[in-house]
Structures are given as structure tokens and as C-alpha cells.
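Heads up, the thing below is written out as C-alpha cells.
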Protein chains: 2
Amino acid sequence: MPTKVRIALDAMGGDHGASVVVPGAALALERHPDSEFILYGDSAVIEPLLKQHAALAAASRVVHTDVAVKMDEKPSQALRHGRWKSSMWLAIDAVKKHEADAVVSAGNTGALMAMAKFHLKTMPGIERPAIAALWPTLRGESIVLDLGATIGADARHLVDMAVMGGAMAQVLFNLDRPTIGLLNIGVEEVKGLDQVREAGRLLRETPRDTLHYVGFVEGDDIGKGTVDVVVTEGFAGNIALKTAEGTAKQFAEYLRGAMRGSLMAKIGYLFARGAFKALKEKMDVRRSNGGVFLGLNGIVIKSHGGTDVEGFAAAVDIGYDMVKYQLIDKINRMHGPPPAPPRVAGAAS
Amino acid sequence: MPTKVRIALDAMGGDHGASVVVPGAALALERHPDSEFILYGDSAVIEPLLKQHAALAAASRVVHTDVAVKMDEKPSQALRHGRWKSSMWLAIDAVKKHEADAVVSAGNTGALMAMAKFHLKTMPGIERPAIAALWPTLRGESIVLDLGATIGADARHLVDMAVMGGAMAQVLFNLDRPTIGLLNIGVEEVKGLDQVREAGRLLRETPRDTLHYVGFVEGDDIGKGTVDVVVTEGFAGNIALKTAEGTAKQFAEYLRGAMRGSLMAKIGYLFARGAFKALKEKMDVRRSNGGVFLGLNGIVIKSHGGTDVEGFAAAVDIGYDMVKYQLIDKINRMHGPPPAPPRVAGAAS
């Protein structure tokens, strides 16, 4: 492992681009001084921002490019226009060339996944990469995957996700045998989609020293923290994530309304404002910002496009942890050795 | 329409059986004095409870049966053991025989759906029934369907659900042209499952005077109340519902913890307790208890199995509204006339 954790940043990605990426990286650097950054994007925009963050400027270099992937481009468009030259591509390329250990982008999710898959390729034995995120729960945090990359995942993909999510839980939660659940619509074995049932069978029948498959879980088990890793196909996972975000916002809105509803409530709010502040921090989605692309030959972190400085820093933190605690090696170990290359008659070894 | 709304109750259904069903019905009767009830189940259990509710006793009759469907029975088992004789079956049978206008059960969901489908049959032109529920939102309430009956629904099923959910919104929200959204994982037309895209195309291309299809919505749009009716396949819908329930519980738990965390918070809580009470009522899932089975030749309401008296009464209220405002007629009108029977040569008209 290199002495420094080297992170490539797509400085043009996200709704706010460099104005969030640069101060976000500066904040992450404060927390992890053994980080180094390469910032890809328009140097005329990045350099003035860097001047305001001396420590970051000293730990970074800027690679200029005029091209940026737009937030609303289709993945195929982004690949066509942005390959070789966009800030997103170049940041991924740095990981490919081992100039960086991880890439973080707040850009277009579909484009980032398409480029990362195209350029870094999937790990041996992994067919489809997945997007995993940290989910705050009543017991702490869980990992939920996939959040939108594996629409229509089959049983084999779900098993791969269990392995990858398990490795991520080992890295982030420092657990020997993280518990794994398959998201389903009933805990009885008879219910749910065929591929979920089949994945359950495969996970039960393939005991692994490092995985602890506990069975089906339901949507409300995610927030309870019933298991360390919740595995689901991408469509349902994305809907679960967005629905939970919507419900949290709804609750916060109700609470705000209630506290403004009467003079007594306002007085009560003043007394309890320390408690409300703690609550707000607890519900802060920025703390768990950062989708991790799992199953690629390289660490790729997707920050929420609309996030702020604190949120982007959290995404960088996750990238840092993944490098520091060797996520990719862990997945490879848990998933078993890569298949031996086909023997070619007469080929020199 | 009969002068009274006649409701058949599976008095044995749910975690608490008649001890919740009887007082729940009594509460619903207070709110809708033009209701009548037939209670199916063990008369030795029901009769003593009825004695405590004179008004209900006067508006009810009890039909005794020893057989009850267990909460953990598989649908096929329930059909085998409970057909013709269980409280659940007999309550459905009352609707089939036009002795009742709706059936309400807090029993085993899978069994209730299987029996209702077997006995009442689906409406003309509807292939698969769906489960719809009211979802509290920032703008009031929306209808979300399907919540678990149509696993793997195709485009045609999704369109049927849009029609049925639209009719339910007309009935419950008194709207001429309720807005309809298809749940997807991105608002761009390119994203999501093939069947969701195809359903979107069908809904766009088939303008109906009574439906207003607005396009794709995402998970967080449910809580926002972006549309009146959210349509999705059963697996994703069930996961969305349960995940939202889990998140709401999580938030309530955080809030409770925060308000107990310090003396100042406790004092603040005392001042603001009226506001907290209002908030609690707002978040009360019992208020929207009651899944409506749509697409059957009869009105079937599924109450949550673990609900209490207030929650069961809410489920009865929904059944009452569906009868009173003629849900089935509305679906039939919106879905168009049933297909003409095939012409058989030589057959008399």
C-alpha cells in the first residue's frame, strides 16, 4: 500500500461542480492528512478555489480539461463525447493507470457507471457491478446494495452482491462475519420473486467462513438495522432508498410545522433546541453520502449530485476508508480466487 | 344501492381476532350509522364482546363457524382447509351472494387474496387484482398500488392498475381527473425497467377523459404527494411501503431519544407536548390502515393483522366509502365496457 491515499476527483461533477468539490476535498484532507488529490477539470475554475485552501493546494495537483459530462447526458452520449477527455473519464483513468487509488465524482451516475465499467472492467468472476450505500439505522449503520445499477438482477448477481457487500461491511464496520439479508416481501420462504428465493437457496447452501446469511428481510428491517448488509436488485433498492429519503423529509417537515404551530410549541422548541440539533444531525443524509461502485477493478465513489461541502467530504471519506482498508483485496478473497486463465497450447507463460 | 351499507367481517382474522374486530366495528358504526354488519366466526367468542356494544349488536348478526384461517398458513393450505367453512371464506361468500356489499378482514393477506380471487373472480378485462393503500403525504394523501399482489407485473397490468387506482382516487378524494404517476428509478424516459417504460408509453398514447397520466415518479415523490396515484409492480411497492414504515419508526425513535436526552429537552417537551401530540397523530399509520383489493367483482378490504381497534375501524371506514361511492361501477366505467362475448355460429342471441 502506498504511504499516501491518492484520490482522483472529478472537479466538474455535480450540481455545483468545483465550488463544492474543492472545499469538500479540503475538509476531507483535514480529517485524513495522509491523503493526496488529483483534481480534473477546468483549471481556470479550480485554481482560484484552491488558493483559498492552502493545505489542499499543497496536497493536490490539477489536470486541466475543458470537457465535462453533463448531469442529464445519457450514459451512451457521455461515453461518446466524454471518453478520453472529460474530467470524469480522466479521473477514472487515473485509477486505471494506478496514479490514484480511488476516484470520487458527484457527476451523472449513469455516465460514471458506464465509463467506470468500460474502462476499469469488472472484477474476475463478477458479472455486474452494483452501487452500495451506507444507511443509518436504529443500531448504527448498514450497507444496502444495489441502488440502481443492476436492474433485473438474477440469483447469481444477488449472491455476488452479498459477497461484495459483506466485504464492504468488513472494511467499514470492522466486522469478521457481517450478517447478510436478502430484501424480500415476506419472511416466509414461499414468498417473493423467484430469483430472490433462488439466491436465498444458494446463500444457504454455500456456507462461507466470512459471511453470515440470515435469510430474508423486509423493507422495515433496513431502518431497524436487522442485518449489516441488505442485498436487493437495483430497481427495488433504488425505490427503497428514495422512498426512505422522502419519508425522512416528510417527517422533518411535519416536525417543523408542529413546532411552529403554537406559542407553547415555540417555547418548547427553544428549551429543547439542543435535542433538535442532535436529531437533525442524526437524520442528516449528508453523513452517509457516497455510493460505492462494487465489483470493478478500482474504487469508484459516487457522491450525490446535489450535495454540499460536508456531503462531498463524506463521500471522499468513504473512498479513503475503502483504500486504506483494502476493499478490493477483501472482495477478491471472499469471492474466491479468480478463475485460472485458459491454457493456450504453445503459449509461453 | 341498498339503503344500508352492509359489511361482512372476518371476526377471527388478525393477531387479536374478535377482541379488535368487534370494538373496531362498533367505532366505525358510530361514524357511519347507516352500516350493517355480519360477523363470521366463533359465536362463543363474538357474542360476549357484542354485549358490550349495544348499538353494534342491534346492527349486526353473527354467523357461527369453528374454522379460522391461521395467520401463517400458505394461501394454498388456506384454500384447502378453509374453503366453504372458514370465517374468512364465509365473509367473502356474503359478498359473492350479495348479502354484503364489502368484506373486511385483518387475516392472512395471501389467503384472503387467494380466496377472494378464487371466489369473486377478477373484473371483466382485469387479469390480476392489486392491493392499494392510502399513503399520507405532505399534500394530504395519495393512493399507492400494488403493495404485493402483482409480483412481476407487466405493462398491461400496470395500465390496469392506473385505471383502478384512478377510480379509487375519484371515490376517496372526490377528484374528476386524478393525476397518475408510474414509479420508476429516474424521471428520464430512458431509465427503468422495460415494462415500466412500456406502460408509460401505453398510458401516454391512450388518453382517457378520466385519467391524467403525468409520467414517471421516484420513491421520494410518494411522500411529497407529487401525484394522486402511484402505480408500481407488487414487489417494489411492498418494499417501498415497508421501507417507509421503517423510516417513520426510526424517526419517531430518534425523536423520543432526543426528547429524553437532557433536562432542557424534557422541559421543552412539556411545553410543546400539544405539538408532539399533533405530530403523533399525523404520523399515525392506523389512520390509513386498510389495503383495498382492486380488480375483483366485490369490495375486499385487508386490515393490517397487528392493528388495534382504531386501525380496524379505519379499515371498515374505507370499505364503507368504497361501497357508498360505488368503486366497482367507477372502475368498470373507466376501464371501458367488458369485451363482447365471442359470436358463436348459430347461437341464439
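The values are calculated or read from the model by the stated rules, or taken from the named source; none is laboratory data. Since the model is a prediction, treat every value here as computed from it, not as a measurement. Because the Cβ atoms are built from the backbone with ideal geometry, glycine has one as well, and the counts that use them run over all protein chains shown.
Scanning region A:78-105 for residues being under 21 Å from the mean Cα position of the chain (by Cα), free of Cβ contacts under 8 Å to residues at least 12 places away in the same chain and in a helix (DSSP H, G or I) gives a total of 0. Just one of (1) over 23 Å from B:Gly290 (Cβ atoms); (2) charged (D, E, K, R); (3) touching a helix residue (DSSP H, G or I) at 6+ places or on another chain (Cβ under 9 Å) fails for B:Arg80. It is (3). The single residue among A:Ala236, A:Ala244, A:Ala265 that is aliphatic (A, V, I, L, M) and modelled with pLDDT under 85 turns out to be A:Ala265.
None of A:Asp194, A:Asp176, A:Asp220 is free of Cβ contacts under 8 Å to residues at least 60 places away in the same chain, touching a Lys or Arg at 6+ places or on another chain (Cβ under 6 Å) and not aromatic (Phe, Trp, Tyr) except A:Asp220.
To keep it simple, each residue is scored yes or no on (1) surrounded by 24 or more Cβ atoms within 10 Å (Cβ to Cβ); (2) among the charged types (D, E, K, R); (3) touching a strand residue (DSSP E or B) at 6+ places or on another chain (Cβ under 6 Å).
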| position | (1), (2), (3) |
| --- | --- |
| A:Ala8 | yes, no, yes |
| A:Gly24 | yes, no, no |
| A:Gly41 | yes, no, no |
| A:Pro48 | no, no, no |
| A:Lys51 | no, yes, no |
| A:Val62 | no, no, yes |
| A:Lys70 | no, yes, no |
| A:Arg83 | no, yes, no |
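Just one of the listed residues (B:Thr226, B:Thr210, B:Thr232, B:Thr206) is within 29 Å of B:Ala278 (Cβ to Cβ) and either crowded, with 21+ Cβ neighbours inside 10 Å or of a type outside the set (Asp, Glu) (or both), namely B:Thr226. Pairs meeting the criteria (first residue in region A:268-289 and closer than 23 Å to B:Gly246 by Cβ, second residue among the β-branched types (Val, Ile, Thr) and modelled with pLDDT of 75 or more, beta carbons under 9 Å, at least 6 apart or on different chains) are A:Val285/A:Thr307; A:Arg286/A:Thr307; A:Ser288/A:Ile318; A:Asn289/A:Thr307; A:Asn289/A:Ile318.
Considering region A:308-340, the residues that are of a type in the set (Phe, Trp, Tyr) and at pLDDT 90 or above include one that is farthest from A:His16 (Cα to Cα), namely A:Tyr320.
Considering only residues that are small (Gly, Ala, Ser) and on the phi > 0 side of the Ramachandran plot, which ones fall in region B:131-185?
As a first pass, look at region B:131-185 and keep what is small (Gly, Ala, Ser): B:132-133, B:140, B:142, B:148-149, B:152-153, B:155, B:162, B:165-167, B:169, B:181.
B:Gly140, B:Gly148, B:Gly152 - these are the residues of region B:131-185 that are small (Gly, Ala, Ser) and on the phi > 0 side of the Ramachandran plot.
Going through (1) away from chain B (no Cβ under 13 Å); (2) surrounded by fewer than 20 Cβ atoms within 10 Å (Cβ to Cβ); (3) closer than 22 Å to A:Val230 by Cβ one by one, A:Gly140 falls short only on (1). The one condition from (1) within 13 Å of another protein chain (Cβ to nearest Cβ); (2) at pLDDT 80 or above that A:Val300 does not meet is (1). Going by the structure shown, is B:Thr150 crowded, with 24+ Cβ neighbours inside 10 Å, closer than 30 Å to A:Phe251 by Cβ, within 11 Å of another protein chain (Cβ to nearest Cβ) and of a type in the set (Ser, Thr, Tyr)? For B:Thr150, the condition - crowded, with 24+ Cβ neighbours inside 10 Å, closer than 30 Å to A:Phe251 by Cβ, within 11 Å of another protein chain (Cβ to nearest Cβ) and of a type in the set (Ser, Thr, Tyr) - is not met. Taking the conditions exactly as written (assigned to a helix (DSSP H, G or I) and either within 19 Å of the chain's Cα centre (by Cα) or hydroxyl-bearing (Ser, Thr, Tyr) (or both)), does A:Ala313 satisfy them or not? Answer is yes for this residue.
Please verify whether region A:86-98 includes one or more residues that are in contact with a Lys or Arg (Cβ under 9 Å, 6 or more places away or on another chain), of a type in the set (Ser, Thr, Tyr) and crowded, with 21+ Cβ neighbours inside 10 Å. So far as region A:86-98 goes, no, none of its residues is in contact with a Lys or Arg (Cβ under 9 Å, 6 or more places away or on another chain), of a type in the set (Ser, Thr, Tyr) and crowded, with 21+ Cβ neighbours inside 10 Å.
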